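In what follows, a single structure is set out as structure tokens and then discussed.
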Amino acid sequence: MSRIGKRPIEVPKGVTVTINGQEVAVRGPKGEMKLTLVDDVAVEQGADGINVTPRNDSQRARGMWGLSRTLVNNLVVGVTQGFTETLEINGVGYRAALQGKNLQLSLGFSHEVLYAIPEGIEVKVAKPTEIAISGIDKQKVGQVAAEIRSYREPEPYKGKGVKYAGEFIFRKEGKKK
């Protein structure tokens, strides 16, 4: 039994949920999102919130149960609060700046890296070494953060590179004489 799947999803005030077959549409103060669930799970709206249940007792249906519940919950959280991911840049001369619809990164290459910010994502550069990525779609926010981090991942000797806020970088000892 899925412990995550059993819990109903609470719908806060100001959020409307429309269920049409396997399609779930959620509208809230920050925007609107849609999701089409797999056929192995059933979704219905009750008095206690949105309930996701498996249609049969197959292994796939039980596996999709918790996943589907989490995806629907991410829709509700996204349209009410949104999601934010923070990146930190470490290294001498490494910095970030916004340039219109692009993020300009100086990461020790011979050229500047320009990252085109996708639609629905908001990027803020409070300090030259800190990037805040926010949006209503958790998958898209995480994907943008991963793509920016992939330009210069943190290295284990000095820790230079782009890392998630709070990420622990395993440090290695340098060469000995």
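Since every read-out is calculated from the coordinates, none of them should be taken as a lab result. Everything quoted here is computed from the prediction, not taken from an experiment. Glycine also receives a Cβ, built like all others from the backbone with ideal geometry; neighbour counts cover every protein chain displayed.
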Open item on the list: Run the simple label-point estimate for Ser150 and Ile4 please: 7 Å along Cα→C-beta, distance reported in nm.
Closed with: 2.3
- [ ] Averaging over all projection directions, find the projected area of the Cα convex hull of the chain and quote it in nm² with one decimal place.
- [x] 14.3
TODO: Pop the C-beta distance of Lys175 and Gln104 into the FRET formula with R0 = 45 Å and round what comes out to the nearest 0.05.
DONE: 0.85
Task: Relative contact order computed over the chain (Cα-Cα under 8 Å; 6+ residues apart), in percent - done: 18
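Which values, in whole Å and largest first, are the semi-axes of the equivalent ellipsoid of segment 3-80 obtained as the square root of 5 times each eigenvalue of the Cα gyration tensor?
Gyration-tensor ellipsoid for segment 3-80: 21, 12, 10 Å.
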Open item on the list: Please give the Cα centre distance for segment 100-156 versus segment 1-21, rounded to the nearest Å.
Closed with: 32
